[in-house]
Amino acid sequence: MLKPLPLHKHGISASRLALGCMGLGGDWDRSPITAAEIKQGHEAVDAALSIGINLFDHADIYTRGKAEKVFGQIFKDRPGLREEMILQSKCGIKLMEPGDSTNSFDFSGGHILSSVDGTLSRLGTEYIDILLLHRPDPLMDPEEVAAALQQLKKSGKVRHFGVSNMSAAQIKLLQAYCDEPFIVNQLHLSLNQLSWLDAGLSLNRPAFKDVTFPEGTIEFCRMENIQLQAWGPLAQGLFSGRALDDQPERVVNTAAMVADLAAEKGTTPEVIVLSWLMTHPAAIQPVIGTVNPQRIAACADADMFPLSRKEWYDLYVCSRGERLP
């Protein structure tokens, strides 16, 4: 039996899975959205709704705003659909423009406020259910962030707040100045991205090579009822049908193990990969990034196939490519 999502404790009736909308809107350029891209959006939304997904994850930068524009057109085409959804978006990343040397991050109050206004305009809605601060900004002033979030809350433009890609220390710093609780932390977690687990196993041992995940972040989020959301949970199809010609042995072996478990349980490889995350007692909410209706459908009932301890550890160790200490 899976534990309730922390989002439920905050009064948000979110589905166990969320749909990430980064794949909508075509190329990452400034070309107008097309009828084909709007049709793709409708099909992805229908596929998600058909398997019970009601949380849709956006960001102001996704296809340079076009993903949100696609959703805005969907809402125009289907009045009333907005009320069936929990909409989440993100701000804080500034994509490189001509004359820039790099992408950058911006948690200034002015940027946060203008980003939300842009998102609301593109979506054609009056409010966002959850706003996430997308990636840490080294120049962040927490007092300035707090003032911006307070203004967004007071105006009714945003109902709840969270973060993405942040450590426990970074969340604590923000929370020390912000009256509104941060209720989400979206992180890169998957059967192929294991540093969030490995980081907690290095006590009294040499640190695992290349593990930079900040120790204590998962535990902090669990203690504070912060919803852990996993971006990239399907590992770009590595374990559910993608060609593996150039992949290391550990990936090939893990894909075979996933296929065997799927056949044994009468489900899909996608379900096994997601179930591996959802079996963890932190009540992780995977944000699936595909907008392919068939792949979305393949994720149905992922919460109905919890893994045994042995199955969970066998997959973990197989994907690591070496035994645990």
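The values are calculated or read from the model by the stated rules, or taken from the named source; none is laboratory data. None of these values were measured; they are calculated from a predicted model. Because the Cβ atoms are built from the backbone with ideal geometry, glycine has one as well, and the counts that use them run over all protein chains shown. The accessibility values were calculated without ligands, DNA or RNA, using every heavy atom of the protein model including side chains. Shrake-Rupley method; radii C 1.70, N 1.55, O 1.52, S 1.80 Å.
Each residue in region 121-164 was checked for being open to solvent by 70 Å² or more (accessible area, probe 1.4 Å) and farther than 24 Å from M85 by Cα, and 5 of them qualify.
One residue alone among L24, L2 is part of a loop (DSSP other than H, G, I, E, B), crowded, with 23+ Cβ neighbours inside 10 Å and in contact (Cβ under 8 Å) with a residue 60 or more places away in the chain, and that residue is L24. Summed over region 19-47, residues that are within 19 Å of the chain's Cα centre (by Cα) and within 16 Å of L123 (Cβ to Cβ) total 9. Scanning region 27-52 for residues that are open to solvent by less than 60 Å² (accessible area, probe 1.4 Å) and within 23 Å of E83 (Cα to Cα) turns up E37, I38, G41, H42, A44, V45, A47, A48, L49, I51, G52.
Conditions tested, residue by residue: (1) within 16 Å of D60 (Cα to Cα); (2) at pLDDT 95 or above; (3) assigned to a helix (DSSP H, G or I).
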| residue | (1), (2), (3) |
| --- | --- |
| R82 | no, yes, yes |
| Q88 | yes, yes, no |
| L113 | yes, yes, yes |
| V116 | yes, yes, yes |
| R122 | yes, yes, yes |
| L132 | yes, yes, no |
| R135 | yes, yes, no |
| A146 | no, yes, yes |
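In this structure, is T212 surrounded by 16 or more Cβ atoms within 10 Å (Cβ to Cβ) and within 16 Å of S195 (Cα to Cα)? Against the criterion (surrounded by 16 or more Cβ atoms within 10 Å (Cβ to Cβ) and within 16 Å of S195 (Cα to Cα)), T212 does not qualify. Of all residues in region 235-251, those that are at pLDDT below 95 and charged (D, E, K, R) total 3.
For beta carbons closer than 8 Å, sequence separation of 6+ or different chains, a first residue in region 277-296 that is over 13 Å from L234 (Cα atoms) and a second that is assigned to a strand (DSSP E or B), the qualifying pairs are A282/L228; A283/Q227; A283/L228; I284/L228; I284/Q229; I284/A230.
Here is a yes/no grid of residues against (1) among the hydrophobic types (A, V, I, L, M, F, W, C); (2) without any contact (Cβ under 8 Å) to a residue 60 or more places away in the chain; (3) touching a Phe, Trp or Tyr at 6+ places or on another chain (Cβ under 6 Å); (4) closer than 22 Å to G118 by Cβ:
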site: V163; (1), (2), (3), (4): yes, yes, yes, yes
site: A169; (1), (2), (3), (4): yes, yes, no, no
site: D179; (1), (2), (3), (4): no, yes, no, no
site: I183; (1), (2), (3), (4): yes, no, no, no
site: P214; (1), (2), (3), (4): no, yes, no, no
site: E224; (1), (2), (3), (4): no, yes, no, no
